[in-house]
Amino acid sequence: FPNSLSEIDLSNKLHGKLPRWIGNASFLWRLNLSNNGFEEHVHLHRNRLRGTLSLAFYNNSSIVTLDLRGNNLTGSIPKWIYTLSSLSVLLLKDNHFHGKVPIELCKLHSLSIIDLSQNMFSGPIPSCLGNLSLPIQMKRILETGFYGPSIEEDESTRIMIGNLEMDSYYPLSYLEEVIEFTTKSGFYSYNGDILSYMTGIDLSCNNLTGHIPPELGNLSEIHSLNLSHNKLTGVIPSSFSKLQHIESLDLSYNNLSGEIPYQLVELNSLEVFSVAYNNLSGSIPKPKAQFGTFIENSYEGNPFLCGDILHKSCSKTDSPSTISTVSEDKGEDGLIGTYDFFVSFLVSYVVVLLTIFVVLYINPYW
């Protein structure tokens, strides 16, 4: 009986879990679960979806996971994103989104993982992201999930998700939620208890500008923060010393300047750290605890950064003012020498003329 179904409309105020047989309905091509109390985990990654989000998923308070990675989606993140009040995981990596990172994300108080990497977002990082509590959910079990297989691009793969009723996608029940996220310079799958403790923000590989908001130092529960490969300027906030649970911090390939805050040596959970290829200067903080484990590639590409790990001494050499003074002294010596030579030559010339004059006076016939 289930295999013969092609359309199911369960748009009622239902609760609980979907029956297993729905996942086996091989001919099912449309499933409407709107206006229910199901907890939804939407996985549409690595398909050929294109278009904008427009009103996709608008005002759906049951979505917990929204995974749209690796598609061809364009446009900006809509301001109505805050209506997804239960959203805990937002994965938009590797698309063509542009525009600013909307401050409306800061209203999603259930967010614990955000991945906006490999897009074309521009403008500043919203300082209000520092207000996110990044709550840890002790249990994320997939009650209603929508998984889209990799499919050939046709008219149905356009993401007119404003009216999407999961065409070409099928639901699975009683599966453990799995989240893929890049951290610690690697790509990991998180599920079960490990997922329960994972929190992170990845804004890497965009066109973000401006300073790093010091408010991000308030993300006391964050485990991974990646702001690399952007156009960020200014200094590294000393407030990052409050990120006591952070395990991976990547600020490489930006235009950051100033010194590395010495307070960061107190980050005892830090396993991966990189500030490579910036314009940082001064000495690298003295190795302490975890900071003693980082190697040269964590700091390379900063011409004015010094320290033993870079095989570059931080001892003070002749300052430009000293060098300038020395040069000026040498110049004055040269002028004095030239003046003495001129005077000596002039005196000799006058003596010769006087001698000739005296001789001619004594013997005018000469």
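The values are calculated or read from the model by the stated rules, or taken from the named source; none is laboratory data. Since the structure is predicted, the reported quantities are computational estimates derived from the model, not experimental observations. Note that we place each Cβ from the backbone using ideal geometry, even for glycine, and neighbour counts take in every protein chain shown. Just the protein is used for accessible areas: all its heavy atoms, side chains included, with ligands, DNA and RNA removed. Shrake-Rupley method; radii C 1.70, N 1.55, O 1.52, S 1.80 Å.
General observations
- Residue pairs meeting the criteria (Cβ under 9 Å; at least 6 apart or on separate chains; first more than 13 Å from His96 (Cβ to Cβ) and in contact (Cβ under 8 Å) with a residue 12 or more places away in the chain, in region 41-56; second among the acidic types (Asp, Glu) and open to solvent by 10 Å² or more (accessible area, probe 1.4 Å)): His41/Glu143; His45/Asp94; His45/Glu180; Arg46/Asp94; Asn47/Glu153
- Condition met for Leu116 (touching a helix residue (DSSP H, G or I) at 6+ places or on another chain (Cβ under 8 Å), buried (at least 18 other Cβ atoms within 10 Å of the Cβ), modelled with pLDDT of 95 or more and assigned by the TED database to the domain that holds Val42): no
- If the condition is being over 29 Å from His245 (Cα atoms) and open to solvent by less than 10 Å² (accessible area, probe 1.4 Å), then region 99-113 contributes no residue at all.
- Within region 283-299, the residues that satisfy the criterion of being open to solvent by less than 20 Å² (accessible area, probe 1.4 Å) and more than 19 Å from the chain's Cα centre (by Cα) are Pro285, Phe291, Phe294.
- So Gly217, is it modelled with pLDDT of 95 or more, assigned by the TED database to the domain that holds Phe121 and more than 13 Å from the chain's Cα centre (by Cα): yes
- Ile201 of a type in the set (A, V, I, L, M, F, W, C) and either in a loop (DSSP other than H, G, I, E, B) or open to solvent by 30 Å² or more (accessible area, probe 1.4 Å) (or both): no
- In region 73-98, of all residues being of a type in the set (A, V, I, L, M, F, W, C) and over 10 Å from Asn60 (Cα atoms), the one that is most open to solvent (accessible area, probe 1.4 Å) corresponds to Trp80.
- Selected residue (criterion: surrounded by the most Cβ atoms within 10 Å (Cβ to Cβ)) from residues of region 246-278 that are farther than 21 Å from Asp308 by Cβ and of a type in the set (S, T, N, Q): Asn254
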